[in-house]
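Chemist: Have a look at this one.
The values are calculated or read from the model by the stated rules, or taken from the named source; none is laboratory data. The structure displayed is predicted, hence computed values, not measured ones. No Cβ is skipped: glycine too gets one built from the backbone with ideal geometry, and neighbour counts run over all protein chains shown. Heads up: the accessible areas ignore ligands, DNA and RNA and are worked out on the full protein's heavy atoms, side chains in. Shrake-Rupley method; radii C 1.70, N 1.55, O 1.52, S 1.80 Å.
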Amino acid sequence: MTNKNKKSSAVIGGTGCPAAPSKQARQQSKDSQDYSSFKTVLFYCMLTVCLPVVTFFLLRAVVLDGFFEMSKLKVDIFSAVGAVVSLHIALGLYIYRATCEVPGLKASKVD
């Protein structure tokens, strides 16, 4: 086998570009997009789960019991309403983020 044949067998389609770096670059790009999507979804899941719980107990212990003279039933009701409102805010933020296009991110379809 001559040097010319060895050189042409290392490239794809005779273009002179090796196959491995472009495939690896595409895979790294896809992995970074997947990781970015995972971080976003994880953040909003944690926000949806944790924000209402924290809101309920903060309203109950600090704000309503500490500053206002209310019965225990009213404190629990207002705390629950605050938790539901915070849940709706978290879900609204997630829906807004999911439906509105973020600048810098391009929707790409790979066939």
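Chemist: Kindly list, by first and then second residue, each pair from a residue in region 22-42 that is without any contact (Cβ under 8 Å) to a residue 60 or more places away in the chain to a residue that is of a type in the set (D, E, K, R) and open to solvent by less than 90 Å² (accessible area, probe 1.4 Å), limited to pairs with Cβ atoms under 8 Å and residues at least 6 apart or on different chains.
Modeler: Final answer for the pair search is Thr40/Arg97.
Chemist: Could you check region 46-60 and list, in sequence order, the residues that are touching a helix residue (DSSP H, G or I) at 6+ places or on another chain (Cβ under 9 Å) and farther than 13 Å from Ile89 by Cα?
Modeler: Val53, Val54, Phe56, Phe57, Leu58, Leu59, Arg60
Chemist: Let me ask something else about it. Limited to region 74-103, what total is found for residues that are charged (D, E, K, R) and open to solvent by 90 Å² or more (accessible area, probe 1.4 Å)?
Modeler: Summing the residues that are charged (D, E, K, R) and open to solvent by 90 Å² or more (accessible area, probe 1.4 Å) in region 74-103 gives 2.
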